[in-house]
Amino acid sequence: MEQSQEQYGLLQRIYLRCMAWIQTPAGVWVLFFIAVAESSFFPIPPDVFLIALCIGAPKKSFKYAALCSLGSVLGGALGYALGWGFMDTLGTPILEMYHLQEKYVVVQDAFRRYDAWAVGMAAFTPIPYKLFTITAGAFKTNFVTFMVVSLVARSARFCLVAGLIYFFGAKVQYFINKYFNILTVVFMVLLIGGFVLLKYLL
């Protein structure tokens, strides 16, 4: 189901307000709280706000990425809790609000196949991360594994953005916006390969 013009307008207003907050001295904490919220209910990915901060201070890019990763993982724990204890009352309404019911079926299948390791895919797909965190709780996957995989995957995603800006500066923003999905797919392949290798070694 496509979003209405009213929903797009609301989303744009939220985005512009957050971008205004990012430019304030408290911008770092705005990024942190956006990362927390996006993992469970907020509609806009933190990547765009991370890019804005990194471009403003490239030397601090990895610091911002670390803070964004921490916030995202903590938000993931909140999303897990929503799916684990409040799926019917809160989890399902959130998914319905973003029209994610069909994708929920796809993610359910991923969890049946790979359990908590499916979360690794969440960091590098267009499917909202909140869908994976809520589903992980609903499936009562191993929480420790869920948190570890979330930390590794989300850190890799945000450090990819931060690294590109740190080494190439603001001129790389267009490249990130245009090819981000391709870059994240490559990282996903490498990440899953690393997980598989680790599984066989341990």
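The values are calculated or read from the model by the stated rules, or taken from the named source; none is laboratory data. These numbers come from a predicted model, not from an experiment. Virtual Cβ from ideal backbone geometry, glycine too; neighbours counted across all protein chains shown. Ligands, DNA and RNA are excluded from the accessible area calculation, which covers all protein heavy atoms including side chains. Shrake-Rupley method; radii C 1.70, N 1.55, O 1.52, S 1.80 Å.
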Step by step: first the residues of the stretch 35-50, then only those that are of a type in the set (A, V, I, L, M, F, W, C) and open to solvent by 10 Å² or more (accessible area, probe 1.4 Å), then the one that is modelled with the lowest pLDDT. Which residue is that? I44
If you check G163 against the conditions, is it part of a helix (DSSP H, G or I), among the small types (G, A, S) and modelled with pLDDT under 75? no
From the list Y64, Y80, which residue is among the aromatic types (F, W, Y) and closer than 23 Å to I134 by Cβ? Y80
Inside the stretch 142-155, the number of residues satisfying the requirement of being open to solvent by less than 50 Å² (accessible area, probe 1.4 Å) and within 25 Å of S61 (Cβ to Cβ) is 6
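Among the helices (runs of 4 or more DSSP H) lying completely within the stretch 52-141, list those that include at least 3 residues that are on the phi < 0 side of the Ramachandran plot, open to solvent by 50 Å² or more (accessible area, probe 1.4 Å) and at pLDDT 85 or above.
Numbers: elements: 61-85, 92-97, 101-114, 119-122, 129-138.
So the answer is 61-85.
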